[in-house]
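Student: Next up is a structure, given as structure tokens.
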Amino acid sequence: MSNERTWTRRNVLRTGGALAGVSAMAGCIGDDGSSDGETAYTVSMPPVGDVEFESVPQTWAAGTADWADMGIALGQEPPVGLYIAGRLHTGYYDDIPDVSVDPDDIETLWDDEFGPEKFIDLSERVDVLVMDPNFLTGRADWSGDAIERIKSTGTPFFGNSITSRGYSWHQDYDYLTMYEAFEKLAEVFQEQERYDEFETLHDEFQSELENVVPSSGRPEAAVLYPQIADDSFLPYIVDESTSYKHLRDLGVEDALANSDVENFHNTRGSIDYETLLDVDPEYILLRTEQYLSEEEFQQNFVEPMQGHNAGQKLTAVQNDNVYKTVPFYQGPIINLVATQRLAQQLYGIEDDLFDPQEVSDIVNGDF
């Protein structure tokens, strides 16, 4: 990705509490789809409300890798930090020319020193925190006072947890689809033209998928996070969150949805091989913490399942239908690549359903 910006700190004025629509006092848009950032503008995001920007943010941190992928798609430098940097699976960018990200350049925030003080220091280095503050109170057990201390630095929160629909603390405000969230982030970075280009490409991609996905006889799969050393798996039920967009778009039926297996997001529990055998899905889609090459995936996960007394009885294992899938977080770039790869595995397609060069051109401003 081209590095054509000079990074200087820009100040953000304040956040508001209303959940109004986006306010339009944006600066002028240049030929590359970016704003001159001269005029204050406001963007609304549940649950934080209206956020007013004095000028376009130049440095940023994000909570989860879906938002990181969105920012990169908008031509931004990667975020300074993520909760867990390794969950941005940059190997998917290998399929896109002239787009690459080194995850070692991104700080992991969720470590032994994870706490409000760390985020107060972080807010001095970035212009916006692209993360849902309710995630920090609901998942990390921070207090509301801690969130207010961080906001008092002048660096606002701007985010919504969109990777799961199972959060009890998310019931009082709207979830966003991937492209709803993407559009809002484009407004923050004043990259509406880049967003429009991606939206058009995505619409064309969806049309191509309609020609691939059968109307009946669709593949049935179980989405699991493998714990090979313990002979167990964390089970995930496909929902309307962004985490499963590629599966919904490919018409994948959820093998666990009509079983007695409960969603890990609700129970934090695991299942063993015997329980998985009771379901015996046609396909098994494994999430992994780190991005793995196909060879690494086979060695670390598929081969142990083939060698397990119960694992080798699974239909998916016997038919070589165990594949890796997007772990938890996907934005517009990773979604395109992951969907394309899985379409090849499930439906045997050989042609590209989107043009990787077109993605590269949008990211790098060549449109």
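The values are calculated or read from the model by the stated rules, or taken from the named source; none is laboratory data. Everything numeric in this text was worked out from a predicted model, so none of it was measured. Cβ placement follows ideal geometry from the backbone for every residue including glycine, while neighbour counts extend to all protein chains displayed.
Student: Within region 168-190, which residues are within 14 Å of the chain's Cα centre (by Cα), outside any helix (DSSP H, G or I) and over 19 Å from GLY49 (Cβ atoms)?
Tutor: Of everything in region 168-190, just one residue is within 14 Å of the chain's Cα centre (by Cα), outside any helix (DSSP H, G or I) and over 19 Å from GLY49 (Cβ atoms), namely THR177.
Student: How many of the residues making up region 197-223 are in a helix (DSSP H, G or I) and free of Cβ contacts under 8 Å to residues at least 24 places away in the same chain?
Tutor: 5
Student: I'd like the full set of residues that are modelled with pLDDT under 95 and aromatic (Phe, Trp, Tyr), limited to region 243-283.
Tutor: PHE264
Student: Take the residues in region 226-265 that are small (Gly, Ala, Ser) and more than 21 Å from the chain's Cα centre (by Cα), then tell me which one is surrounded by the most Cβ atoms within 10 Å (Cβ to Cβ).
Tutor: Looking at residues that are small (Gly, Ala, Ser) and more than 21 Å from the chain's Cα centre (by Cα), I get ALA255.
Student: Then there is this: Determine which member of the set VAL128, VAL213 is in contact with a strand residue (DSSP E or B) (Cβ under 9 Å, 6 or more places away or on another chain) and at pLDDT 95 or above.
Tutor: Answer to the selection: VAL128.
Student: Another question about this same structure. Being in a loop (DSSP other than H, G, I, E, B) and over 27 Å from LYS151 (Cα atoms) is the filter; apply it to region 74-125 and report the residue that is modelled with the lowest pLDDT.
Tutor: That would be ASP102.
Student: Condition (residue is at pLDDT 95 or above and more than 23 Å from the chain's Cα centre (by Cα)) applied to region 287-294: is it met by at least one residue?
Tutor: no
Student: Using the structure shown, decide if VAL317 is part of a helix (DSSP H, G or I) and either of a type in the set (Phe, Trp, Tyr) or not assigned by TED's automatic domain parsing to the domain that holds PHE182 (or both).
Tutor: yes
Student: Give the residues of region 164-200 that are of a type outside the set (Val, Ile, Thr), surrounded by fewer than 17 Cβ atoms within 10 Å (Cβ to Cβ) and at pLDDT 95 or above, sorted by residue number.
Tutor: GLU180, ASP196, GLU199
Student: Continuing with this model, one more query. For region 338-367, give me each residue that is aromatic (Phe, Trp, Tyr) and assigned to a loop (DSSP other than H, G, I, E, B).
Tutor: The answer is PHE354, PHE367.
Student: If you check ALA68 against the conditions, is it at pLDDT 95 or above and assigned to a strand (DSSP E or B)?
Tutor: No; evaluated as a whole, the condition is false for this residue.
To keep it simple, each residue is scored yes or no on (1) within 21 Å of SER241 (Cα to Cα); (2) touching a Ser or Thr at 6+ places or on another chain (Cβ under 7 Å).
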{"position": "ASP98", "(1), (2)": "no, yes"}
{"position": "PHE114", "(1), (2)": "no, no"}
{"position": "LYS118", "(1), (2)": "no, no"}
{"position": "ASP121", "(1), (2)": "no, no"}
{"position": "VAL130", "(1), (2)": "yes, no"}
{"position": "PHE135", "(1), (2)": "yes, yes"}
{"position": "THR153", "(1), (2)": "no, yes"}
